[in-house]
Every structure is written in structure tokens, then in C-alpha cells.
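Everything below concerns the one structure shown next.
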Amino acid sequence: MLTNNIKENILESKINGFEENELLIPKLKNLYLFTSNHKTTPVAIREKFAIPEYRLIEAYQDLKKHQNLVSFVILSTCNRTEIYFTSEDFEKGFQEVLDFFKRFLGLEQGVVKEYSAILQGSDVVKHAFKLTSGLDSLVLGETQILSQVKFSYSTSQSEKTLDKMLELLFQNILKTAKEVHQQTSLSQNSQSISSAAIDLANKISGPIKTKSIMVLGAGKMAQLALEHILKIGGAKETVVLNKSPHRVIEFSEKYKIDRSFPFDDIYNVLNDIDILICAAGAPHYIIFSEQFKQLRKDQNKELFIFDVSMPRNIDPEFGKLPNVKLYDIDSLQETYNKMTYANNEDLASAEKVISEGSKVFCEQIISQDVEALIKDLREKVELIKNDKLSKLTMGKTSFTKEEVSYIVNNLINTVLHEPIKVLKDSNVLGSQEEKLQVIRDLFGL
């Protein structure tokens, strides 16, 4: 497990949203993050951790069976599977996370430990703010992660798996991420993984306006790809395949699709296109190299394949075929990063917004004790009031001025009895001068 060097692998950011002080550290000690992501895990393993959206509720219901996870949020995207959780006993809580992956996804404990990392306390907070604001994505500043985190948060709310700590954390990271996108230009030209794949195809295969391009799928990722094809001027021909033809019909006119085919024709259609963008979102491989090899007409014709699905939907053996260039999410990231760079001014602005947002969160966490104390104080005074009124009024409904004065004085004396007793005890609350000053500050004396 990469616990010891997690800061090197994940948290390269200079963000210092707050200083760890003696009030904050104990508040965050039970906050943990399990993460298997694009910086700790290759795509061939990472896809085994993936929890598809249609199984997310099932995953929550499974994880809720455990006793040592006080609260949790599950986040699963193409680049990561993460579980934010609070636990009074980390060893037992972490073991329950391991058991969950074994039972729910069939992953052995050794694999889970090797390809994951655990963060605790303030490192969880820093990572969550950075992630949701798009600073830990394949495409810097992308906004899709914000909607994904929002979906995980709303699922946690509906499944009632949040405590006050995670409620506050996710409220603040979502609010701050929106401010990053509103107050900086970091996301103005940002992309999704789908659009990044289109841009990469445009650069390495030749202008797509001279190419025939096929988008496989009809979900959000596929739609983002089709939108970006139009944005950069369109392709020579745009082809769409999907196992559900009615989904293609729904947006074929909107995205100016030239042709659509039933999925069964996939291998024949591959002979006629130059670029395939696969965003099908299936839980397994759906196109196999051996079948294409048997039906391939011209081995000298180049074919560029970009598989942006998680888990991967394209058999990786495609990359071994002559004149076929296959890019999965990891190879896409490596190539894309070499061709792009971040604007330092935008990054600095984003980091400033994140720092302010994390400070607000930490102030809220620290103030929880004060709020709890005020609540307890009000409840105690309310109990004293009800008890005294019950005993002193004896069911009467009208009183003389002297009787009212007696009741009020009795209430005041009872409320102040314990604080005055503690104040006189020289063994608590510091020196005599400090005690006096605390009382003066509290009562404005």
C-alpha cells in the first residue's frame, strides 16, 4: 500500500488551505480516504475497481452493512474509485473497506492494498478540494468531475450515509469548485476526456475534417465527443453505433450524424472509418481484435482507436494489429500531457480560491464544539427554568411583583451557582487573572 508516499504520488499541489493547529487536528483524526486512481493504478487494474453508476446504490447498501464505518461517500469515475469515510477505529474500518471490494467486486485483499492509498485528516481535505475543482484530472480544469462529485454526494444524502463531517466537507468542496470555475479562466477552455481524445485524434491522425470518424455509444461521454467534433469544425463523415438504436435517433440530428448502424455491423464498419472513439460504458470488452482481424479488408489502412470507457470496452489486443493505433485512458493522458500545458496564472488563481474555501471548512469544523456547547448550555438553562417554574409557581397563573422578583432571582442564582463554584476553584481555568478575564469577556463586564 502506498500510504507512506501518498503525498509524492497524489498531492503535488502547493495548496495550503489551512494551518494544522491543535484545535483542528483532533477534529479530523477520524477522517480517511481510500483511493485507487490514475496516479497509483494502471488502467488494466483500475478498471477492476470501477463501480458503474447503475450499481452505485447497490454498493452503498452493501457498504452500509458494516459497523465501523460511521459515514462514507463512494466516488467512481474513469480515473478513480474513492471511498471517503469516518471511523472511530481505522484498522477495523479499513478492513471493512477491503471486505467490501472482495465481496462486491471480487478483488483480493492483496491487490486492493497494492494498488491503493490511504489519506487521513487534512490530506483528505486538501485532496477533495483539489479534485473537485478539476486540478487532479486528466484534463486540467475539466468540469465533469464536479457533476460526478455532486452525484456521489446526493446519493450519499439519499442513502443517509453522511455524518456532519462529510456533510460539511462535500458542501464546501462543491461550493468552492463552482467558485473556481466562476472566478478563474482555468475551465473556460477545459475539456472532457472525450473532447481531449478528439483533439488528440485531430493532431496525430491528421485533420479530422478529412477523416471518417465513428463514435460508439450514446451516453454522456459519447455526446461530449460529438459536441466537440462540431466545435472544431466537424469531420468528413460522422458515424454512430449503439446497441440501442432509439438512443442514436434521439440526438442524430442535433450532432449532424451522417450515418448510423446497428451494433452487429461494427466489424464491417471498422473497415471504412479512420478514427473510432469508444465511449460505450459497458462493463467489459465489446469489440475483439480476433474478429476484426478475420473481417479486415486492408491491413495497410490506418485505424486510430481511442477507448475512453472505464472499464475499457476495446480488447487491448487491437494495439498489436498492423497499422492500428490504440489509446486507452492512460496512454491518452500520457500523450495529451505532452501536447498541452497549464497556465500558471490560472493555477495560482484557482489555488487561492481553494485555499479560502478550505479555510472556511476548517473554521466550521472547529466551531462545531462551540455550537454544541451553546446547544447544551441552552438546554440546561431551559431545564432549570422549567424545573423552577414548576416548583415555585405551584400552578398559579398570576403573581405579585414581589413573587415575580423572587422567582427571577431564584432562577438567576440557580443558573450561576455552578459557574461561580468553578470560578472559585483555583485548580481549574488557569490563573486568577485568566479566570477573571474569561468571565469579563463572556458577560461583557
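A few points about this structure:
- Working note: Debye formula, equal point scatterers on the alpha-carbon atoms of region 371-443, no solvent; log10 I(q)/I(0) at q = 0.12, 0.16, 0.21, 0.28 Å⁻¹ is -0.47, -0.73, -0.99, -1.25.
- Under a Gaussian network description of the chain, with springs only between Cα atoms under 10 Å, the residue in 77, 400, 161 that fluctuates furthest is 400.
- Cα gyration tensor shape for region 193-339, rounded if a/c is under 1.5, else prolate or oblate: rounded
- The chain - charge dipole about Cα centre, Lys and Arg +1 at Cβ, Asp and Glu -1, debye rounded to 20: 640 debye
- Centroid-to-centroid separation of region 208-243 and region 377-445 [C-alpha atoms, Å]: 74 Å
- Under 22 Å from residue 164, Cα to Cα: lysines that are on another chain or at least 8 residues apart: 27, 29, 64, 65, 92, 126, 130, 150, 175, 178, 359, 375
- Normalised contact order of region 43-129, rounded percent, pairs of Cα under 8 Å and 6 or more residues apart: 26 percent
- Residue of 193, 266, 229 that the Gaussian network model of the chain assigns the largest fluctuation, springs spanning Cα pairs under 10 Å: 266
- Cβ-derived FRET efficiency at R0 25 Å, residue 163 paired with residue 380, nearest 0.05: 0.50
- Theoretical FRET efficiency, 1/(1+(r/R0)^6), r = Cβ-Cβ of residue 203 and residue 299, R0 25 Å, to 0.05: 0.55
- Kirkwood Rh, Cα atoms: Rg over Rh of the chain: 1.15
- Separation of alpha-carbon centers, region 287-306 and region 43-99, rounded to whole Å: 38 Å
- Dipole magnitude of region 193-339 about its Cα centre (Cβ charges: Lys, Arg +1; Asp, Glu -1), debye to nearest 20: 280 debye
- Note on residue 58 and residue 290: with the Förster distance fixed at 35 Å, the Cβ-Cβ geometry gives a FRET efficiency of about 0.60.
- Farthest towards the positive end of the charge dipole of region 193-339, among the residues 230, 332, 313, is the Cα of 230, using unit charges on the Cβ of Lys, Arg, Asp and Glu.
- Helix-only [θ]222 nm of the chain, DSSP H runs n ≥ 4, -39500 (n - 2.57) each, per residue, nearest 500: -16500 deg cm²/dmol
- Positive dipole terminus of region 371-443, leading residue within 439, 417, 398 (C-beta point charges): 398
- Seen through its C-alpha gyration tensor, with square-root eigenvalues sorted a ≥ b ≥ c, region 158-198 comes out oblate because a/c lies at 1.5 or above while a/b is not bigger than b/c.
- Between 173, 384, 305, the Gaussian network model of the chain with springs among Cα atoms under 10 angstrom shows the greatest mean-square fluctuation at 384.
- At least 20 Å along the helix axis (C-alpha) and Kyte average at least 1.0, DSSP helices within the chain: none
- The mean sequence distance of close C-alpha pairs (under 8 Å, at least 6 residues apart), as a share of the length of region 260-411, puts its relative contact order at 16 percent.
- Here the spin labels are modelled as points 7 Å beyond Cα on the Cα-Cβ line, and at residue 405 and residue 417 they lie 2.3 nm apart.
- Over the chain, relative contact order from alpha-carbon pairs under 8 Å, at least 6 apart, %: 15 percent
- Tensor-based shape of region 140-245 (alpha-carbon gyration tensor, a/c under 1.5 rounded, otherwise prolate or oblate): oblate
We did not get these values from a lab; they are worked out from the coordinates using the rules stated. In this text the structure is predicted, and so the values were computed from the model without any measurement. Heads up, the Cβs are rebuilt from the backbone with ideal geometry, glycines too, and the neighbour counts pull from every protein chain shown.
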